[in-house]
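The values are calculated or read from the model by the stated rules, or taken from the named source; none is laboratory data. As the structure is a prediction and not an experimental result, all values here were calculated from the model. Counting neighbours? That spans all protein chains shown, and the Cβs are built from the backbone with ideal geometry, glycine included.
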Amino acid sequence: MKRFIQQHADEISGVLSGFDRLRFRGTLRWLAHTQGMQWFLNANRILVKDFKTYMQGVTDQVRVATERLAKAAGRPLIYLDSSRLSKEEEARQMAQREGIEDGLICVFSAVEPCFSYEVRRDAQKRKLELRGRPQKCLHYYFYLQHPTFGFMHLRLQTWFPLSIHIALNGREWLACQLDAAGLGYRRSDNCFLELEDPQRAQTLCDQQLKTRWRRCFVKLLHQYHPSHKELFRERPVEYYWSLDQSEWATDILFRSPEVLAQLYPQLLRHAAYNFQSTDVMRFLGRKLTVKGCINGHFRSEVVSDVARRADHLRLKHRINKNWLKMYDKHQQVLRVETTLNDVKDMRVFRRIEADPKSPRQWRTLRKGVADIKRRARISQAAKERYLDALAEVHATASLGALTQSLCQPTQWNGKRVRALQPWSPGDAQLLEAVGRPEFLLNGFRNRDLRPILFGPQQPSSDEKRRQSAKVSRQLRMLRAHGLILKVAQTHRYQLSARGRTILAALQAARQASPNQLAKLAA
């Protein structure tokens, strides 16, 4: 990563690495599996046949406590009957509309899928049994402005095993830290576009790793799940806190949108074309053989794809449930992000959880909050390897040498094909179309190019045939000059290695200013 930063030091105003989105899970471990739930019922002298009645009573107790909490805070409790509505967006709009800067914003309730228990009769054993399976139940969403974490929410399941999810954002959290420190910034959504003191901001991000998570979550539990203490008064069952999903993002802030607009397509093309499966595995810390090949025991998929998201194109490299993403935010920030959902293949140097006196060894990384620091280091290392690989040396051949053969007529299947004119409006539009980032991985077809070259309006059938024929002739010309290749047994085309180099050079030349070209010519 240092090599990438040094390579573009003149264009960068700051770098910020830290948490983005975090989703924690609170689990009553004894009640999270059937045997433990049965033990809990036996300990409380509750018969299996009475389980449904008991569970309904617990659910009613949680609902009453939540209704009282919302009423005491003077905030609405709203039932949502559609999953299409964005709860976060509704809560943000409500907070802005009513000027809520601290405390509870609102409570949403919704029926959603969950894991819970039911009583079934075992025909062979001739008795009732408790069984766990996916079901649906009522959930409460508590949206609030927290004095430390900023905008966040809790999701409470109202049926056993009463799981809790806590979702917060590291950039929201950092904004609260910057406000407390009196440091200026300019922010859009979860992205900082300007920082008064980037080094101090990075120090505050690093301090987030020192958080005493359990203490913070227990305090939230007492505030927004007050019935928990009452439900387990006789036999206390504490929540185990784990990190279900973490996003660790590195934001590289560029001084001007023009610089990133010129650089990002080059980075996107290089990563999409040149990073192989072995590279992606190396970035995400997976072991390769001594010869740098994929281990024969590896049975998962390594997937890379480019997709358009809102106002940007993003590139994602994925192995199972973990991935690396790169995209530009607000045309001014280059973000590389590591998302971890499954950490069972990762290691941490620790003792055995059940034996504090055991020797420290490299053991399986846990989802528990105790291993968050190690998880952050793994995420940061993945991005550093990725950015270091992006700091590659560009082609050294001159633009004239690269395009010399393009400007000469050539032959294709014994027929003469005209020369390309890269600077003419028609050929420039064609070259720009086939080099669009969304075609990097999956290629393009005749039908994909027609709306770009002729406009999105629907043509008549005759006009459609004429457009298709013209695009076919243009594709044949590009193939003759070696810029594109046809994918076997498909109607798709992809840029050749030569085509990628030439198109990147032409794009850089078009975007260069006269002063930059004059310096190169001197």
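The selection criterion, being farther than 26 Å from residue 308 by Cα and without any contact (Cβ under 8 Å) to a residue 60 or more places away in the chain, holds for residue 401. Would you point out the residue of the range 382-416, among those that are modelled with pLDDT of 90 or more and touching a Ser or Thr at 6+ places or on another chain (Cβ under 9 Å), that is nearest to residue 340 (Cα to Cα)? Per the criteria, the residue is 382.
Going through the range 25-57 one residue at a time, which ones are under 16 Å from residue 233 (Cβ atoms) and buried (at least 17 other Cβ atoms within 10 Å of the Cβ)? Within the range 25-57, 28, 30, 31, 40 qualify. Criterion applied to 91, 110 was being part of a strand (DSSP E or B) and surrounded by 13 or more Cβ atoms within 10 Å (Cβ to Cβ), and the one residue passing it is 110. One residue stands out among those in the range 316-344 that are among the basic types (Lys, Arg) and either touching a Leu at 6+ places or on another chain (Cβ under 6 Å) or within 25 Å of residue 273 (Cα to Cα) (or both): the one that is surrounded by the fewest Cβ atoms within 10 Å (Cβ to Cβ), which is 321.
Can you find a residue in the range 428-451 that is farther than 24 Å from residue 308 by Cα and either of a type in the set (Phe, Trp, Tyr) or free of Cβ contacts under 8 Å to residues at least 12 places away in the same chain (or both)? Looking for residues that are farther than 24 Å from residue 308 by Cα and either of a type in the set (Phe, Trp, Tyr) or free of Cβ contacts under 8 Å to residues at least 12 places away in the same chain (or both), one finds none in the range 428-451, hence no. Has the range 115-131 got at least one residue that is in contact with a His (Cβ under 8 Å, 6 or more places away or on another chain) and within 22 Å of residue 31 (Cβ to Cβ)? No, the range 115-131 contains no residue that is in contact with a His (Cβ under 8 Å, 6 or more places away or on another chain) and within 22 Å of residue 31 (Cβ to Cβ). Taking the criterion of being surrounded by 13 or more Cβ atoms within 10 Å (Cβ to Cβ) and under 20 Å from residue 41 (Cα atoms), the only residue of the range 132-151 that qualifies is 132.
Could you check, for the range 67-85, whether at least one of its residues is within 24 Å of residue 232 (Cα to Cα) and outside any helix (DSSP H, G or I)? Among the residues of the range 67-85, not one is within 24 Å of residue 232 (Cα to Cα) and outside any helix (DSSP H, G or I), which makes the answer no.
Checking 253, 268, 263 one by one, the residue that is in the same structural domain as residue 342 (by TED's automatic domain parsing) and either among the basic types (Lys, Arg) or outside any helix (DSSP H, G or I) (or both) is 253 and no other. Residue 389 falls short on exactly one of the conditions (1) assigned to a loop (DSSP other than H, G, I, E, B); (2) more than 19 Å from the chain's Cα centre (by Cα); (3) under 14 Å from residue 284 (Cβ atoms), and that condition is (1).
Comparison of 171, 186 shows that the only residue that is surrounded by fewer than 16 Cβ atoms within 10 Å (Cβ to Cβ), out of contact with any His (no Cβ under 9 Å at 6 or more places or on another chain) and over 29 Å from residue 237 (Cα atoms) is 186. Count of the range 226-251 residues, restricted to those that are closer than 17 Å to residue 153 by Cα and either at pLDDT below 95 or among the β-branched types (Val, Ile, Thr) (or both), is 1.
Take the range 341-369 and flag every residue that is aliphatic (A, V, I, L, M), in a strand (DSSP E or B) and in contact with a Phe, Trp or Tyr (Cβ under 8 Å, 6 or more places away or on another chain).
348
The residues on offer are 290, 303, 280, and the sole one that is crowded, with 17+ Cβ neighbours inside 10 Å and either over 28 Å from residue 212 (Cα atoms) or modelled with pLDDT of 90 or more (or both) is 280.
Report whether or not residue 131 is of a type outside the set (Val, Ile, Thr), touching an Asp or Glu at 6+ places or on another chain (Cβ under 7 Å) and in a strand (DSSP E or B). Spelling it out, residue 131 is indeed of a type outside the set (Val, Ile, Thr), touching an Asp or Glu at 6+ places or on another chain (Cβ under 7 Å) and in a strand (DSSP E or B). If we scan the range 345-360, do we find a residue that is surrounded by 13 or more Cβ atoms within 10 Å (Cβ to Cβ) and among the hydrophobic types (A, V, I, L, M, F, W, C)? Checking the range 345-360: at least one residue is surrounded by 13 or more Cβ atoms within 10 Å (Cβ to Cβ) and among the hydrophobic types (A, V, I, L, M, F, W, C).
Applying the set (1) assigned by TED's automatic domain parsing to the domain that holds residue 343; (2) buried (at least 18 other Cβ atoms within 10 Å of the Cβ); (3) small (Gly, Ala, Ser); (4) at pLDDT below 95 to residue 201 leaves exactly one unmet item: (4).
Given 206, 244, which one is under 26 Å from the mean Cα position of the chain (by Cα), surrounded by fewer than 20 Cβ atoms within 10 Å (Cβ to Cβ), in contact (Cβ under 8 Å) with a residue 12 or more places away in the chain and part of a helix (DSSP H, G or I)? From the options 206, 244, the qualifying one is 206. Scanning the range 194-234 for residues being in contact with a Phe, Trp or Tyr (Cβ under 8 Å, 6 or more places away or on another chain) and closer than 24 Å to residue 330 by Cβ gives a total of 6. If the condition is being touching a Leu at 6+ places or on another chain (Cβ under 9 Å) and buried (at least 18 other Cβ atoms within 10 Å of the Cβ), then the range 445-456 contributes only 449.
Let's see how each residue does on (1) of a type outside the set (A, V, I, L, M); (2) surrounded by fewer than 18 Cβ atoms within 10 Å (Cβ to Cβ); (3) modelled with pLDDT of 85 or more; (4) more than 30 Å from residue 303 (Cα to Cα):
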{"position": "440", "(1), (2), (3), (4)": "no, no, no, no"}
{"position": "462", "(1), (2), (3), (4)": "yes, yes, yes, yes"}
{"position": "478", "(1), (2), (3), (4)": "no, no, yes, no"}
{"position": "481", "(1), (2), (3), (4)": "yes, no, yes, yes"}
{"position": "484", "(1), (2), (3), (4)": "no, no, yes, no"}
{"position": "494", "(1), (2), (3), (4)": "yes, no, yes, no"}
{"position": "505", "(1), (2), (3), (4)": "no, no, no, no"}
{"position": "509", "(1), (2), (3), (4)": "no, yes, no, yes"}
{"position": "519", "(1), (2), (3), (4)": "yes, yes, no, yes"}
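Under the condition of being in contact with a strand residue (DSSP E or B) (Cβ under 6 Å, 6 or more places away or on another chain) and either assigned to a loop (DSSP other than H, G, I, E, B) or of a type in the set (Val, Ile, Thr) (or both), the residues counted in the range 410-453 number 5. Strands (runs of 3 or more DSSP E) fully within the range 299-339 that include at least 1 residues being more than 20 Å from residue 385 (Cβ to Cβ), of a type outside the set (A, V, I, L, M, F, W, C) and touching a helix residue (DSSP H, G or I) at 6+ places or on another chain (Cβ under 7 Å): 302-309, 322-329.
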